[in-house]
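Novice: Input: one structure, supplied below.
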Amino acid sequence: MRHLVLGGARAGKSRFAMTTAESASPAPVLIVTAEAHDEEMHSRIERHRKDRGEQWRVLEAPTGLAAKLLPQLESGDVVVIDCLTLWLSNALARDTWPRERRAFIDAVAAFSSAPTQLLMVSNEVGNGVVPLGKLSRTFVDELG
């Protein structure tokens, strides 16, 4: 089973996905994509660490998301990816997006018949004004 959890920034998407995972598995897996490039992001990451229970197995994948995801395919656990928005930003900044996108699409497709439940968290950014800058438009297009 695959689920996409969408919503605005700071709308409770991560909490919803994690609560759902905790109710379905005694040992859920969390694949995180954030990197702490500044103090504010470091604080957010620390808050997330403190908020989750000891039962979580955490994998870091600011890039290379498919490589972290595929080994979970047959585990039967619940896997949460938090979040696709930051992963996309990381891949665009590193100019690895085409390769990352193809690998991720293939990995997610493999989950359609797997015993593992997958919850993917992402911000919804396509319902607003069209961004002026090329990179911003590419970001909104690719996230969509």
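The values are calculated or read from the model by the stated rules, or taken from the named source; none is laboratory data. Keep in mind it's a predicted model, so treat the numbers as computed, not measured. All Cβ positions, glycine included, derive from the backbone under ideal geometry; neighbour counts span all protein chains shown.
Novice: Do you know which of the residues in region 1-31 that are β-branched (Val, Ile, Thr) and more than 16 Å from Ser89 (Cβ to Cβ) is nearest to the chain's Cα centre (by Cα)?
Specialist: Among residues in region 1-31 that are β-branched (Val, Ile, Thr) and more than 16 Å from Ser89 (Cβ to Cβ), the one nearest to the chain's Cα centre (by Cα) is Val5.
Novice: Sticking with this one: For region 24-61, enumerate the residues that are among the polar types (S, T, N, Q) and under 22 Å from Pro71 (Cα atoms).
Specialist: Ser25, Thr33, Gln55
Novice: Could you check region 13-31 and list, in sequence order, the residues that are β-branched (Val, Ile, Thr) and either in contact (Cβ under 8 Å) with a residue 60 or more places away in the chain or assigned to a strand (DSSP E or B) (or both)?
Specialist: Scanning region 13-31 gives Thr20, Val29, Ile31.
Novice: Give Gly133, Gly128, Gly144, Gly53 a once-over and let me know the one that is within 21 Å of Leu30 (Cβ to Cβ), of a type outside the set (A, V, I, L, M) and modelled with pLDDT under 95. Steps first, answer last, please.
Specialist: Values: Gly133 fails: within 21 Å of Leu30 (Cβ to Cβ); Gly128 fails: within 21 Å of Leu30 (Cβ to Cβ); Gly144 fails: within 21 Å of Leu30 (Cβ to Cβ).
Being within 21 Å of Leu30 (Cβ to Cβ), of a type outside the set (A, V, I, L, M) and modelled with pLDDT under 95 holds for just one of Gly133, Gly128, Gly144, Gly53, which is Gly53.
Novice: Here is a follow-up. Within the group Phe104, Phe111, Phe139, which residue is among the aromatic types (Phe, Trp, Tyr) and closer than 13 Å to Met1 by Cβ?
Specialist: Within the list Phe104, Phe111, Phe139, the selection yields Phe111.
Novice: Looking at (1) touching a helix residue (DSSP H, G or I) at 6+ places or on another chain (Cβ under 6 Å); (2) touching a residue at least 40 places away in the same chain (Cβ under 8 Å); (3) within 20 Å of Val5 (Cβ to Cβ), which is the one condition that is false for Pro62?
Specialist: Every listed condition holds for Pro62 apart from (2).
Rundown of residues vs (1) under 12 Å from the mean Cα position of the chain (by Cα); (2) closer than 20 Å to Leu118 by Cα; (3) free of Cβ contacts under 8 Å to residues at least 60 places away in the same chain, yes/no style:
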{"site": "Thr33", "(1), (2), (3)": "yes, yes, yes"}
{"site": "Met41", "(1), (2), (3)": "no, no, yes"}
{"site": "Glu46", "(1), (2), (3)": "no, no, yes"}
{"site": "Cys83", "(1), (2), (3)": "yes, yes, no"}
{"site": "Arg94", "(1), (2), (3)": "no, no, yes"}
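Novice: What's the number of the condition Arg101 fails, among (1) closer than 17 Å to Val121 by Cα; (2) modelled with pLDDT under 95; (3) among the charged types (D, E, K, R)?
Specialist: Just one mismatch for Arg101, condition (2).
Novice: In region 108-123, which residues are at pLDDT 95 or above and either in contact with an Asp or Glu (Cβ under 8 Å, 6 or more places away or on another chain) or farther than 23 Å from Gly8 by Cβ (or both)?
Specialist: Selection gives Val121 alone.
Novice: Looking at (1) surrounded by fewer than 18 Cβ atoms within 10 Å (Cβ to Cβ); (2) closer than 20 Å to Asp106 by Cα, which one does Gly7 not meet, given that it meets all the others?
Specialist: Evaluating Gly7 over (1) surrounded by fewer than 18 Cβ atoms within 10 Å (Cβ to Cβ); (2) closer than 20 Å to Asp106 by Cα leaves (2) as the failure.
Novice: Assess whether Arg137 counts as being within 17 Å of the chain's Cα centre (by Cα) and surrounded by fewer than 16 Cβ atoms within 10 Å (Cβ to Cβ).
Specialist: no
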